Amino acid sequence: MLSECQRWRSTCPVCEVNTAEEEMALSGLNRSVRQLLGQIQRCRPVVATNQTARCLSQEASQPEPSADDNEAVNPTFVNRNPRNLEQMALAVKDRGWKTTWPHRQFYHRLVFSRTQHHVTAQVFSSSSPVPVLTCSTTEWAVKKELASTRCVAACQAVGEVLAHRCQQAGITRMVYRAIPWTYRSDAVQSFRAAMKGGGITLSEPRRKYIGT
């Protein structure tokens, strides 16, 4: 059974008008909500498509270039074969003091000494006080072929053997400054002739300066 208030509202003309207006407002609100939801559903694929197209149009990120170990350049260069600079006369020569004798402007220096019993010849490098090559009549292979270990023939034999060793070592040019009062002796001259006959040049080229 309807309550008295409901009966009264159903019979009141003003209430009937208000109820009809409320129903029309609700139906209009429902219609606008449905239209809004339809627009959202229609716009949703477009937004997704635009985002996909935007993602596809962007440039792909590339990895940073890294230098290969074989192509990397070492900031410090070490010449592992300094002989090539010597042969081109580009290596530095130690000048030393002007009063020193013998002078130190050389790459390789030949020293010939003759004592009362033996003859010795040595080749020194400018970078080491230890002789690079040496030959002496104290060696049994040389001494057994000689009648005397300090004669002129011994000096010539030492020169021939040392020239052969220099050729094998790749040292073909060196500085030789004999003592002035022994330069004209037969022993020194035979030694020099043996060294030159073995293909050794007893002088070095002057140092070249780049840009001068």
- prompt: Bin by bin, in steps of 5 Å, what percent of the Cα pairs in segment 136-212 do you find, going until the bin that has the longest distance?
  reply: 3, 15, 20, 22, 17, 10, 4, 3, 2, 1, 1, 0
- prompt: When the Karplus curve 6.51 cos²θ - 1.76 cosθ + 1.60 is applied with θ = phi - 60°, which whole-Hz ³J(HN,Hα) does each residue of segment 113-120 get, with x for Gly and Pro?
  reply: 9, 9, 9, 6, 10, 9, 10, 9
message: I'd like the distance separating the alpha-carbon centroids of segment 92-135 and segment 24-43, in whole Å.
response: 109
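Rank these residues by their accessible area, most exposed first, probe 1.4 Å: Met24, Met88.
On the way: Met24 135, Met88 95 Å².
Reading off the accessible areas and sorting them downward yields Met24, Met88.
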- line: Loop-resident chymotrypsin sites (Phe, Trp or Tyr not before Pro) in segment 106-204 with no more than 13 other Cβ atoms inside 10 Å, DSSP not H/G/I/E/B, are Tyr183
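The values are calculated or read from the model by the stated rules, or taken from the named source; none is laboratory data. This structure is a prediction, so every number in the text was calculated from the model and none was measured. We place every Cβ from the backbone using ideal geometry, glycine too, and count neighbours over all the protein chains shown. For the accessible areas, the whole protein counts, side chains as well, though only heavy atoms, and no ligand, DNA or RNA atoms are used. Shrake-Rupley method; radii C 1.70, N 1.55, O 1.52, S 1.80 Å.
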